[in-house]
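K.L.:
Attaching a single structure in structure tokens format; questions to follow.
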Amino acid sequence: MHARLLIAAVALGFSGLALADGCPALLQGDLPKLGNKQPVDLCQQFGGKPLVVVNTASYCGFAPQFEGLEAVYKEYHGKGLEMLGVPSNDFKQEDADSAKTAKVCYANYGVTFTMTEAQPVRGADATPLFRELARQSAAPKWNFYKYVVDRQGKVVASFSSLTKPDDPEFRAAIDKAIASRP
């Protein structure tokens with residue numbers, strides 16, 4: 001039986017299959033939390049919940065979107081929405097010093113949603129989370145690329161850096177993710 005399951009999984013190319021623990025491929029693994037480097041178990045923290053994932057950068061011209069993202073998080077968190085910010089220097093706009101990144105996020109913009117230490121988000125070096133986001137949608141083309149993920153770990157929609165957090169289409173995608181079934 002296990003051999004048949006393995007063959008079926010290989011034949012399907014692991015396309016979004018949940019692993020034995022019930023966690024979708026998107027949420028497998030963990031990332032170090034910004035500021036204290038404690039691991040964030042993605043499945044434990046975000047499994048079965050609607051989620052917005054955004055790659056960020058402290059020195060990007062889109063950094064003021066942190067304020068709008070925080071407002072979205074506060075507005076929708078009571079409905080179950082989670083948000084994950086993943087700083088990255090892939091576009092050469094993030095500080096190598098994570099304490100400076102933490103200051104920008106937490107002190108300058110008042111972010112309360114989960115932020116990780118800087119991670120690669122594009123190409124072969126991308127963290128598994130972003131490889132799966134790219135497989136389901138597209139790799140981020142710049143900082144503040146936003147992914148809306150439903151309760152099953154499927155990308156509902158993705159949005160460019162130009163899409164502001166108060167954009168009606170972004171909000172509609174969040175509503176769709178919230179309405180999804182686990």
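The values are calculated or read from the model by the stated rules, or taken from the named source; none is laboratory data. Because the structure is a prediction, the values reported are computed rather than measured. Methodologically, a virtual Cβ is constructed for each residue, glycine included, from the backbone with ideal geometry; neighbour enumeration extends over all protein chains shown. The area values use the complete protein model at the heavy-atom level, side chains included, leaving out ligands, DNA and RNA. Shrake-Rupley method; radii C 1.70, N 1.55, O 1.52, S 1.80 Å.
K.L.:
Taking every DSSP beta bridge with both residues inside the chain, roughly what % is antiparallel (nearest 5)?
P.N.:
Bridges in the chain that DSSP calls antiparallel: roughly 60 percent.
K.L.:
How far is it, in nm, from the label point at S180 to the one at D125 when both lie 7 Å from their Cα along the line to the Cβ?
P.N.:
Here the modelled spin labels are 3.0 nm apart.
K.L.:
A further question on this structure: What Cys residues in the chain have no fellow cysteine's beta-carbon under 4.7 angstrom?
P.N.:
C60, C105
K.L.:
With a 1.4 Å probe and all protein chains kept in place, how much accessible area does R122 have, in Å² rounded to the nearest 10?
P.N.:
R122 exposes around 100 Å² with every protein chain in place.
K.L.:
Give the ranking of S137, S88, S180 by solvent-accessible surface, highest area first, calculated with a 1.4 Å probe.
P.N.:
S137, S180, S88
K.L.:
For the range 141-182 and the range 47-97, compute the distance between their C-alpha centroids and round to whole Å.
P.N.:
Cα centroid to Cα centroid, the span is 12 Å.
K.L.:
How far is it, in nm, from the label point at K100 to the one at E67 when both lie 7 Å from their Cα along the line to the Cβ?
P.N.:
Inter-label distance under the simple model: 2.3 nm.
K.L.:
Go through K92/K176; K103/K176; K33/K92 and tell me which ones have a Cα-Cα distance over 31 Å in this structure.
P.N.:
Pairs exceeding the cut-off: K92/K176; K103/K176.
K.L.:
With every protein chain left in place and a probe of 1.4 Å, what is the accessible surface of E75, to the nearest 10 Å²?
P.N.:
100 Å²
K.L.:
While we're on this one: How large is the charge dipole for the chain, taken about the Cα centre, if only the Cβ atoms of Lys, Arg (+1) and Asp, Glu (-1) carry charge, to the nearest 20 debye?
P.N.:
In debye, rounded to 20, the chain gives about 360.
K.L.:
Which value, in Å² rounded to 10, gives the accessible area of L84 with a 1.4 Å probe and all protein chains present?
P.N.:
0 Å²
K.L.:
Another one. Taking the solvent-accessible surface of protein heavy atoms with a 1.4 Å probe, what is the per residue accessible area of the chain in Å²?
P.N.:
Normalised by residue count, the accessible surface of the chain is 50 Å².
K.L.:
Name the aspartates and glutamates eligible as straight-distance cross-link partners of K79: C-alpha to C-alpha under 14 Å, and not fewer than 8 places from it in the same chain.
P.N.:
Filter leaves D150, D175.
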